[in-house]
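Student: Here it is, the structure in full.
Coordinate-derived values only; no laboratory data. On a predicted model such as this, the values are computed, not experimentally measured, just so you know. Ideal geometry is used to build each Cβ from the backbone, glycine not excepted, and the neighbour counts take in all protein chains shown.
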Amino acid sequence: MVESSRKATMGGVPLKYISLVTLTVQNSALILIMRYSRVMPLVDGKRYSASTAVFLNEVIKLTLSLAMVAYETSNSASVTSTPFSFTHTFFSSLSTGDSWKLAIPAVLYTVQNTLQYVAVSNLDAATFQVTYQLKILTTALFSVIMLRRSLSIRKWISLVLLMVGVAIVQMPVPENMVPQKHARGGIEQSEHAQGSATIGLVAVMIACAISGLAGVYFEKVLKESNKNASLWVRNVQLSFYSLFPAFIFGVILKEGREIQRDGFFAGYNWVVWLAITFQALGGLIVALVVNYADNIAKNFATSLSIVISFVASVYFFGLTITINYVIGTAVVLYATYLYSSPDRRPSSNPIIEEEEGRNHEESTTLFNSDHRSQSSMDGSSSEYEKESRRDTSGSPERIPLRASNEYDQRDKRES
């Protein structure tokens with residue numbers, strides 16, 4: 001099943017390459033659009049509320065996931081099934097009995113998504129992309145602490161290189177924040193869009209820590225669950241629980257007065273809606289890549305999106321090229337590749353060894369994270385251990401669909 005899905009084509013072009021190109025474009029465009037939505041000229045004198053954007057992102061994710069659950073239910077239903085039986089099956093699939101355990105990661109993902117808006121408001125898109133790769137480090141550390149997982153020396157070296165690369169990128173330069181009015185690509189920006197690099201850096205580092213904690217906690221919940229729930233059902237549950245903190249703590253408590261005075265959609269235009277939509281779709285795209293390609297290819301697409309974001313930031317936003325940024329980005333990209341590559345040493349358990357080479361990024365996406373969050377932007381997830389099972393011929397069986405779905409679903413929330 002896995003091999004046949006990776007050989008699927010659309011118009012003669014393998015879906016593997018279509019999904020990778022789509023993920024690369026989505027990753028690059030999402031950060032650039034989010035950044036521009038936070039620095040563009042005010043709409044009717046108003047800047048849109050990040051809290052409303054986070055809430056609407058979860059609404060869209062919930063709607064899309066419900067549609068996918070309905071699609072799955074219709075595919076499994078018999079031809080003679082009645083609307084009543086379809087409705088009963090649909091709602092029964094959503095009621096797993098243990099969904100309340102996802103309330104904690106749902107709150108964490110909501111906070112992560114909010115911090116991402118704070119970060120892109122204060123950091124250029126390229127710097128945010130590079131620094132946000134620290135979620136690989138936090139996910140690995142929480143996996144060791146919470147899941148008792150061991151990492152090879154190669155992976156520890158890659159994590160050290162990752163920290164070094166991010167530190168090099170963040171080293172002070174004469175002009176830390178580029179004047180926003182000097183963009184060369186015809187992008188009109190607000191004269192008051194100048195942000196604080198310190199605030200942006202703190203926000204993205206906290207978001208990375210929360211991303212790692214939420215992702216590993218989510219994986220722990222899935223591993224301990226005995227419910228046969230699909231990835232879309234889990235995404236429905238996560239999005240549902242995310243609506244409450246997004247609305248109560250964000251829309252009402254954090255920015256309630258401003259929203260009551262100016263309106264829920266104050267400062268919205270097509271750019272804002274595009275950013276929200278791209279973030280919500282991130283998880284779907286990550287699912288396509290995981291299904292039709294593999295995780296190493298996904299990480300390659302993510303790395304390529306960093307390069308694209310850098311070039312676009314130079315052209316559209318007037319980002320100053322520094323030797324620190326070039327060297328630091330190169331180190332981060334190499335560390336990401338090194339961490340994602342499977343260990344070459346033999347293992348007594350081939351399935352666990354395979355999983356050690358499949359380090360998933362949230363999400364964003366996503367969400368996503370987000371997606372997750374995912375997110376909203378994809379992060380590195382820890383490996384999902386599974387027992388080695390053999391069929392009558394003595395060859396290892398494929399990873400069970402339920403386990404694979406749960407594994408991929410945790411990745412989706414980063415987008």
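Student: Of the peptides 134-147, 264-277, how do they stack up when ordered by the mean number of other Cβ atoms within 10 Å, highest first?
Tutor: Sorting 134-147, 264-277 by mean packing, highest first, produces 134-147, 264-277.
Student: With each pseudo-label sitting 7 Å past Cα toward Cβ, what's the GLU224-SER81 distance in nm, one decimal?
Tutor: 3.2
Student: Going by how many other Cβ atoms sit within 10 Å of their own, how do LYS254, LYS16 line up, fewest first?
Tutor: LYS254, LYS16
Student: Sorted by mean Cβ packing within 10 Å, highest first, what order do the peptides 317-330, 107-120 take?
Tutor: 107-120, 317-330
Student: Can you pick out the pairs among LYS101/LYS223; LYS135/LYS155; LYS101/LYS155; LYS101/LYS220; LYS16/LYS155 whose Cα atoms lie more than 20 Å from each other?
Tutor: Checking Cα-Cα distances, LYS101/LYS155; LYS16/LYS155 exceed 20 Å.
Student: How far apart, in nm, are the 7 Å Cα→Cβ label points at TRP100 and THR198?
Tutor: Placing both labels 7 Å along Cα→Cβ, they lie 4.4 nm apart.
Student: How much length is gained on full extension from THR320 to ALA167, taking 0.36 nm per residue of separation minus their Cα-Cα distance?
Tutor: Extra length from THR320 to ALA167 when fully extended: 53.3 nm.
Student: How would region 41-89 be classified by its alpha-carbon gyration tensor: rounded, prolate or oblate, with rounded meaning a/c under 1.5 and the a/b versus b/c comparison settling the rest?
Tutor: It is prolate, given that a/c is not under 1.5 and a/b is the larger ratio.
Student: Only counting other Cβ atoms within 10 Å, I'd like SER196, SER93, SER313 sorted with the fewest neighbours first.
Tutor: If I rank by nearby Cβ atoms, fewest first, I get SER196, SER93, SER313.
Student: Residue separation times 0.36 nm, minus the C-alpha to C-alpha distance between THR89 and SER341: what's the value?
Tutor: Result: 86.6 nm gained on full extension.
Student: Then there's this: Using a Förster distance of 51 Å, how high is the FRET efficiency between VAL160 and ILE252, based on the Cβ-Cβ distance and rounded to 0.05?
Tutor: Here the calculated transfer efficiency is 0.75.
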